[in-house]
1. For region 161-209, what are the residues that are among the β-branched types (Val, Ile, Thr) and outside any loop (DSSP other than H, G, I, E, B)?
2. Within region 97-112, take every residue that is of a type outside the set (Ser, Thr, Tyr) and surrounded by fewer than 23 Cβ atoms within 10 Å (Cβ to Cβ) and give me the one that is modelled with the lowest pLDDT.
3. Taking the criterion of being within 23 Å of residue 69 (Cβ to Cβ) and in contact (Cβ under 8 Å) with a residue 60 or more places away in the chain, would at least one residue in region 107-129 satisfy it?
4. Within region 133-160, count every residue that is open to solvent by less than 40 Å² (accessible area, probe 1.4 Å), under 24 Å from the mean Cα position of the chain (by Cα) and of a type in the set (Gly, Ala, Ser).
5. Looking only at region 118-132, count every residue that is open to solvent by less than 30 Å² (accessible area, probe 1.4 Å) and among the polar types (S, T, N, Q) and tell me the total.
6. May I ask you to verify whether residue 198 is loosely packed, with under 15 Cβ neighbours inside 10 Å, under 23 Å from residue 110 (Cβ atoms) and under 17 Å from the mean Cα position of the chain (by Cα)?
7. Confirm whether residue 115 is in contact with a Pro (Cβ under 9 Å, 6 or more places away or on another chain) and either open to solvent by 40 Å² or more (accessible area, probe 1.4 Å) or aromatic (Phe, Trp, Tyr) (or both).
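The values are calculated or read from the model by the stated rules, or taken from the named source; none is laboratory data. This structure is a prediction, so every number in the text was calculated from the model and none was measured. No Cβ is skipped: glycine too gets one built from the backbone with ideal geometry, and neighbour counts run over all protein chains shown. For the accessible areas, the whole protein counts, side chains as well, though only heavy atoms, and no ligand, DNA or RNA atoms are used. Shrake-Rupley method; radii C 1.70, N 1.55, O 1.52, S 1.80 Å.
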Amino acid sequence: MYDDNGRAYLDVYNNVPHVGHCHPAVVRAIQKQTAILATNTRYLHENILEYAEALTSRCPSHLDACIFVNSGSEANDVAWRMAQFVTGHKGALVMAHAYHGITDAVAALTPAAGTLDPRVATLTAPPAMLTADDPMGQADLGAVTEDADLAIYTLAARGFAPAAFFIDSALTSSGIHDPPAAWAGAVAARVRAAGALIVADEVQYGLGRSGSHFWDSSAAGGRFRDLRPIS
C-alpha cells in the first residue's frame, strides 16, 4: 500500500488479499467475470462449477460438496446449523478468546466479543511456548484432556451436550499457536467421545493463507490431522 506521499507499506495484517493488494491477475479475473455474468450463485454458471471442483480438489476426498456464502460469519453459521442438525445437540465448544463471526448465531461462539452464552464453553489455548516439534508427555496430555473434559462437563451441568467444537486452525485469536499434533489429537478425541463434530474454521487462515498446504488443518506434519476444513 502507498500513502499520499508515495511511501510504501507492506500489509502483513489484512488476511483477505493474501496475494497482495490489487493483484493484476485477480483484478483481471474480477473484470472478466463481471463482463460475463454478475449475479449470485443461485444461478448456475460453469465458472461456479469449475471453482467448486478446483476447491474440493484441495480438500480431503470425503469433502466433495460446496456451499457458497458471502462471508466467514455466514460460513460458520451454516456449519453451526449443520452440526446441530446432525448431532441433535445444542451446545458448543470453542477456544478461549475465539472469534468465529458476527451473525446472531455465531456471535455466541465468539467470546472475543465479550459474548457469554450458556450453550458455549471454552477450552484453554496450548502453552505459548509449545511448538509443533515439541514432545508432549503424559502429564501434558493429561492436562489437555482434563481441560476438554471440564468444558464438556460445564455444558452438561447447564443441560447441553456439544454439537460442535469450533477451532480456528491457526488459533489466531488466542495468539497464533503452532502446537504439536498430539495436542489437537487429545482434544479431538474427547470432543468426539462427547458426540460432537469438529469444525476447522479456516476463514481467517485457510484458503491459501497458510502457504503451500492451502488449509492449515492439513498442514505439514499432520499438526491438525484430526481436524477437517468445513468453513
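1. Step one: filter region 161-209 for residues among the β-branched types (Val, Ile, Thr), giving 167, 172, 176, 187, 191, 198-199, 203.
Residues satisfying the conditions are 167, 172, 187, 191, 198, 199.
2. Filtering region 97-112 down to residues of a type outside the set (Ser, Thr, Tyr) leaves 97-98, 100-102, 104-109, 111-112.
With surrounded by fewer than 23 Cβ atoms within 10 Å (Cβ to Cβ) added as a condition, the list becomes 97, 102, 104-105, 107-108, 111-112.
Values: 97: 89, 102: 90, 104: 87, 105: 88, 107: 91, 108: 91, 111: 90, 112: 84.
Result: 112.
3. yes
4. Result for region 133-160: 2.
5. Qualifying residue count for the region: 0.
6. Numbers: loosely packed, with under 15 Cβ neighbours inside 10 Å: no; under 23 Å from residue 110 (Cβ atoms): yes; under 17 Å from the mean Cα position of the chain (by Cα): yes.
When the stated conditions are applied, residue 198 does not pass them.
7. Numbers: in contact with a Pro (Cβ under 9 Å, 6 or more places away or on another chain): no; either open to solvent by 40 Å² or more (accessible area, probe 1.4 Å) or aromatic (Phe, Trp, Tyr) (or both): yes.
Against the criterion (in contact with a Pro (Cβ under 9 Å, 6 or more places away or on another chain) and either open to solvent by 40 Å² or more (accessible area, probe 1.4 Å) or aromatic (Phe, Trp, Tyr) (or both)), residue 115 does not qualify.
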